[in-house]
Amino acid sequence: MTTVATRPDRAGVPSRRRSGRRAAVAAAAALLLAVALLASLALGSRPLAVDQVWHALTAPDGGEATTIVRELRLPRTALGLTVGLALAVAGVLFQALTRNPLAEPRILGISAGASFGVVLAIAVFGVGSLAGYVWFAVAGALAAGLLVLAVASGTREGASPVTLALVGAALDASLAAGVYALLSIDARTFEEYRFWVVGGLTGRDVGVAGQVLPFVLAGLALAALVARGLDALALGDDVARGLGHRIGLVRLGGGAAAVLLTGAAVAAAGPIAFVGLAVPHLARALVGADHRWTLAVSALLGPALLLGADVVGRLVAPPGEVPAGIVTALIGAPLLAYLVRRAKVVTA
């Protein structure tokens, strides 16, 4: 009697330990994000003390510190939080849906779709501000993602990982050719596009984050709904069906979420590299392959990485700045190489 009663407890110990470790990792990631947020508000060519930042946020007095925090650093911090979160969660979705650990936004032609939308807005409609062409970028990203899904679904194999990758690569090449064609014949378009395509948080006002926030929230909601289905999908289509999951809906929901998140992020900040590629690997190395935990931890680590890169970019070459997109590439490449070399990044 006693032996039977203790077995469930003993069997549950590893599970409780695993959950406790994952919760500790999530708490540490949240703390890291808090530090990154504070650093983004306090550090730059004019460093501020923590009490100055707090005073500027809670009791603005129109002084220099208030102007720096509220007008310059707060908008880019809000944008970094939104974009970093969106890119990291989208990376998890792309890698799960395609079963490709090196998947990134280009895998479905989404970055190219956003780029084409920006170039079209500048060259054809004469839009000259980021707040104006952000909508064209979102529309281009969404159209590209939906086109890939539609074409792949119409093939004999359906929207399989290989089909999605092939169709996405073909669309990426086609749209990139269109972008370069437009840039080569219009110097003004090239100058405007060059500012956007580097990828960064500077020069964006707080309204840009507000513009893309609805798309990000919708993408996060869809990601949460398909998280369990992604776990089953990783076991193979037949096993997922046997477990009662409708894999077509899982792929559709996950794909729509990834398109919304990536489209919004790329539209607002340009094609920032390695956040969506490296962060999911780091999250899986820390909490395993359970997509509910991987998505949650990635949502914390993504903005922490992007904001950290933005702060580094402000400090390395004062009074000038290095765009965050360049810093993430410099940081992300060796980080990804290190993670890929570790066997744990591909284990559950």
Inset, instruction - Treat each spin label as a single point 7 Å out from the Cα along the C-beta direction, and report the residue 188 to residue 317 distance in nm. - result: 2.9 nm
Inset, instruction - Show that you can apply the helix-only estimate: for the chain, add -39,500 (n - 2.57) for every DSSP H stretch of four or more residues, divide by all residues, and state [θ] at 222 nm to the nearest 500. - result: -26000 deg cm²/dmol
Legend entry - Size of charge dipole - the stretch 160-208 - debye, nearest 20, with Cβ of Lys, Arg +1 and Asp, Glu -1, no other charges: 60 debye
Inset, instruction - May I ask you to derive the FRET efficiency for residue 72 and residue 224 from their Cβ-Cβ distance with R0 = 30 Å, giving the value to the nearest 0.05? - result: 0.35
Inset, instruction - Determine the dipole magnitude for the chain: charges of +1 sit on the beta-carbon of Lys and Arg, -1 on that of Asp and Glu, nothing else is charged, the reference point is the Cα centre, and the result goes in debye to the nearest 20. - result: 1420 debye
Inset, instruction - Tell me the label-point distance for the pair residue 30, residue 162, using the 7 Å Cα-to-Cβ offset, in nm and rounded to one decimal. - result: 4.4 nm
Inset, instruction - Using θ = phi - 60° and the Karplus relation 6.51 cos²θ - 1.76 cosθ + 1.60, list the HN-Hα couplings for the stretch 188-193 in order, rounded to whole Hz, with x at every Gly or Pro. - result: 5, 4, 4, 5, 5, 5
Legend entry - Extension reserve of the residue 61-residue 21 stretch, reckoned as 0.36 nm per residue once the Cα distance is removed: 10.0 nm
Inset, instruction - Assign one of three labels to the stretch 170-256, namely rounded, prolate or oblate, based on the Cα gyration tensor with a ≥ b ≥ c the square roots of its eigenvalues; rounded applies when a/c is under 1.5, prolate when it is not and a/b is larger than b/c, and oblate otherwise. - result: oblate
Inset, instruction - Compare the Cα positions of 293, 318, 308 along the charge dipole of the chain (+1 at Cβ of Lys, Arg; -1 at Cβ of Asp, Glu; about the Cα centre) and return the one farthest towards the positive end. - result: 293
Legend entry - residue 169/residue 50 FRET efficiency (R0 35 Å; Cβ-Cβ; nearest 0.05): 0.15
Inset, instruction - Name the residue, out of 101, 323, 47, whose mean-square fluctuation peaks in a Gaussian network model built on the chain with Cα pairs under 10 Å. - result: 47
Legend entry - Per DSSP, loop trypsin sites (Lys or Arg not before Pro) in the stretch 73-182 with at most 15 further Cβ within 10 Å: 99, 156
Legend entry - Directionally averaged projected area (convex hull, Cα atoms, the chain), nm²: 21.3 nm²
Inset, instruction - Label the stretch 65-192 by shape, choosing from rounded, prolate and oblate, from the square roots a ≥ b ≥ c of the eigenvalues of the Cα gyration tensor; if a/c is under 1.5 it is rounded, and otherwise prolate applies when a/b is larger than b/c, oblate when it is not. - result: oblate
Legend entry - Accessible carbon and sulfur surface of the chain relative to its total accessible area, %, 1.4 Å: 67 percent
Legend entry - Pairwise label distance in nanometres, residue 337 with residue 124, each label 7 Å out on the Cα-Cβ vector: 4.1 nm
Legend entry - Sites matching chymotrypsin sites (Phe, Trp or Tyr not before Pro) across the stretch 121-182 that sit in DSSP coil, with at most 15 neighbouring C-beta atoms within 10 Å: 125
Inset, instruction - Using the charge dipole of the chain (Lys, Arg: +1 at Cβ; Asp, Glu: -1 at Cβ; taken about the Cα centre), state which of 145, 176, 199 has its Cα farthest towards the positive end. - result: 145
Legend entry - Heavy-atom accessible area per residue - the stretch 124-176, 1.4 Å, Å²: 48 Å²
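The values are calculated or read from the model by the stated rules, or taken from the named source; none is laboratory data. Values in this document were obtained by computation on a predicted structure and should not be read as measured data. Glycine also receives a Cβ, built like all others from the backbone with ideal geometry; neighbour counts cover every protein chain displayed. Heavy atoms of the whole protein, side chains included, go into the accessibility calculation; ligands, DNA and RNA do not. Shrake-Rupley method; radii C 1.70, N 1.55, O 1.52, S 1.80 Å.
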